[in-house]
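A short write-up of the structure that comes next.
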Amino acid sequence: MNRLSQANLQLVSKCGLYCGNCKKYISSKCSGCEANEKASWCKVRACCVENGYDSCADCTTTNPRECKKFNNFISSFFELLFRSDRKASIDFIRENSRESFIHLMIDEKRMSIKK
């Protein structure tokens, strides 16, 4: 499979993770952020869906670095645990594109930019 066929835009989560490299997604235990209707607990996903954003990179209201929905206790815990930097991922998507982010994550075999 070539890089372009791997670049499914719907595998970029609302908060800046690439679901295509997630073990749960790969093993079919999770449908990914976009398709996961059961993720009603996720305030970031709910906000993006409500506002029609593909991800927080599209937000025109606030910078995700200052957003209380984006920066919550659970996300901070997961960033520490997995050494991921969702803020840097969102910045990368804003500056480049979701496609560029996907290709970077495929090349690095990661779900987000590393801290």
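Quick note: the coordinates plus some simple rules give every number you see, no bench work behind them. Predicted model, so just to flag it, every value in this text is computed and none were measured. Here the Cβ is made from the backbone with ideal geometry for all residues, glycine too, and neighbour counts use every protein chain on show.
Restricting LEU104, LEU81 to those that are closer than 21 Å to ASN36 by Cβ, over 12 Å from the mean Cα position of the chain (by Cα), aliphatic (A, V, I, L, M) and in a helix (DSSP H, G or I) reduces the list to LEU81. If you go through region 37-46 and keep only what is out of contact with any helix residue (DSSP H, G or I) (no Cβ under 8 Å at 6 or more places or on another chain) and closer than 14 Å to LYS14 by Cβ, you end up with GLU37, TRP41, CYS42, LYS43, ARG45, ALA46. Could you list, in sequence order, all residues of region 9-35 that are more than 16 Å from GLY52 (Cα to Cα) and free of Cβ contacts under 8 Å to residues at least 60 places away in the same chain? Across region 9-35, the qualifying residues are LYS23, LYS24, TYR25, ILE26, SER27, SER28, LYS29, CYS30, SER31, GLY32.
A single member of PHE77, PHE70 is out of contact with any His (no Cβ under 8 Å at 6 or more places or on another chain) and surrounded by fewer than 13 Cβ atoms within 10 Å (Cβ to Cβ), and it is PHE77. Residues of region 6-19 that are of a type outside the set (A, V, I, L, M), surrounded by fewer than 19 Cβ atoms within 10 Å (Cβ to Cβ) and either touching a Lys or Arg at 6+ places or on another chain (Cβ under 8 Å) or not in a loop (DSSP other than H, G, I, E, B) (or both): GLN6, GLN10. Taking the criterion of being basic (Lys, Arg) and assigned to a loop (DSSP other than H, G, I, E, B), the residues of region 25-77 that qualify are LYS29, LYS38, LYS68, LYS69.
Scanning region 55-66 for residues that are out of contact with any helix residue (DSSP H, G or I) (no Cβ under 7 Å at 6 or more places or on another chain) and closer than 12 Å to GLY16 by Cα yields one hit, ASP58. The residues in region 20-48 that are over 25 Å from ASN96 (Cα atoms) and crowded, with 20+ Cβ neighbours inside 10 Å can be counted, and the count is 1. Answer yes or no as to whether ASN63 is without any contact (Cβ under 8 Å) to a residue 12 or more places away in the chain and surrounded by 15 or more Cβ atoms within 10 Å (Cβ to Cβ). Taking the combined requirement at face value, the residue does not satisfy it.
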